[in-house]
Amino acid sequence: MTDPSRKLHLVSILCLLLVTTSVHAQEEKAVSPLEQSSSTVGPLSPPDKESQSSPLSDSAATSYGVRIGEARIVRYQIGAKIQTGPGAFTGVTLRLPVPNEWPEQKVSIIEEDLYDRAGDIDYRVLDAGVRQMLVAIPQVPAQTEANVLITYEVSVSPILAPEQTVGLKKPKKVTKETKFFVGDSPMINSREKSLKKLVAEIAPKDEEPWVALEAVHRWILDNITETVSKVQSTDDTLKNKQGCNEDRAALFVAMARAMDVPARLVMVEGGQHAEFCLEDPAGDLHWYPCTFRGSGEFGSLSNPAVVFQKGDNVKEPEAGKRVRLIREHVNGKGTVAPKVQIIRKVVQ
């Protein structure tokens, strides 16, 4: 995940005689965009419990669960503009990450601006609940502009801390809900010896998990200087004692996992934070947020933003590997590279 100041780069590999082209296009506005795959394709609707790892269980009924605050509405336009030159662009496919539904976030489509040769819009849910929009266009003729722009209305809500934390414990076993959020993931090393030693010093095993994790959160805020540098591994963040907001959140994820607590990165509009999972005395799992900007928040989220991805270890089928962040892809064939602009912006 890049910070808001970073742009996605345009990468196009086009060869003569209609050789396949892959384009990673530049954003119109720089905001943070946003896998074993379920490959489920269907209309925009909340994924079932098998296909998403719910960030917040139906926990409002228990004092151990977080509570959802009053929502605000954000309108977000996502898509791509393709402008061809003297040559046609054929066999075009678009794969774009879009907001998914979570208990603290509701999503609906309010407007579509689709090129008339575009096929139907489909959606698929990758593991950890990451949602992609899929669009195919058989051909964009020469000297033609083709737009695929979808405007979403997203209701985002603050997350209020649980009323009670004493009695929360580490989950007893790995489940479908937590399996992607334990162990290592891209650039997150939870098994490094010096990290494990540090965690043991900051958070002794006999501490209540909530208290221990809060101590880890405070240690990162106090000891890892926030920078605007390029994203780095958790090993380097610990070594350098500095890192960007994503680095600090990723270090918390690594340290929590070193304590056998499931944790994950959350990619939102303009930034990132972390979530960790604990089990209540009844055996129910609950996810709690923590942030690292300014003085940070632990167990609550007072300034919510549009969530584009929860999780940092996602398998993208076309890439054939696990990645931290699902990015935009526009693929096609042509003799001349088209101009491709990725649109990802808040609209009125």
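All of the numbers you see were taken from the coordinates with simple rules; none came from a lab. Keep in mind it's a predicted model, so treat the numbers as computed, not measured. Here Cβ is always computed from backbone atoms with ideal geometry, including for glycine, and neighbour counts include all displayed protein chains.
Sequence-ordered 3J(HN,Hα) estimates for region 218-231 from the Karplus curve with 6.51, -1.76 and 1.60 and θ = phi - 60° stand at 5, 4, 5, 4, 7, 10, 10, 5, 7, 10, 10, 7, 5, 4 Hz, glycine and proline given as x.
Cβ under 14 Å from residue 169's Cβ, residue 169 left aside: what net charge do those residues give with Lys, Arg +1 and Asp, Glu -1? Surrounding charge for residue 169 is -3. Couplings for region 100-106, taken from phi via the Karplus curve 6.51 cos²θ - 1.76 cosθ + 1.60 with θ = phi - 60°, read 9, 8, 9, x, 9, 8, 10 Hz in order; Gly and Pro are left as x. Residues whose amide H comes within less than 5 Å of that of residue 261, counting only those at least five positions distant or on another chain, are absent (H built at 1.01 Å from N in the peptide plane). Counted by Cβ distance under 15 Å from residue 69, the other residues give a net charge of -1, where Lys and Arg count +1 and Asp and Glu count -1.
Taking a sphere under 10 Å around the Cβ of residue 248 and counting the other residues whose Cβ falls inside, with K and R at +1 and D and E at -1, yields a net charge of -2.
What Kirkwood hydrodynamic radius, in Å, does region 106-251 give when the mean of 1/r is taken over all pairs of distinct Cα atoms and then inverted?
Hydrodynamic radius (Kirkwood, Cα pairs) of region 106-251 is 19.8 Å.
The length gained by stretching the chain between residue 321 and residue 293 to full extension, at 0.36 nm per residue less their Cα-Cα distance, is 7.0 nm.
Between region 181-254 and region 91-165, how many Å separate their Cα centres? If we compute the Cα centre of each part, the gap is 32 Å. Of 176/345; 230/345; 170/196; 81/176, which sit over 26 Å apart, Cα to Cα? In this structure, 176/345; 81/176 lie more than 26 Å apart at Cα. Here the simple spin-label model places points 7 Å from the Cα toward Cβ, and for residue 227 and residue 302 these points are separated by 3.0 nm.
Between residue 292 and 297, the built amide H atoms are under 5 Å apart, and every one of these is 5 or more places off in sequence or on another chain. Rounded to the nearest 20, the size of the Cβ-charge dipole of region 159-310 about its Cα centre is 520 debye, with Lys and Arg at +1 and Asp and Glu at -1.
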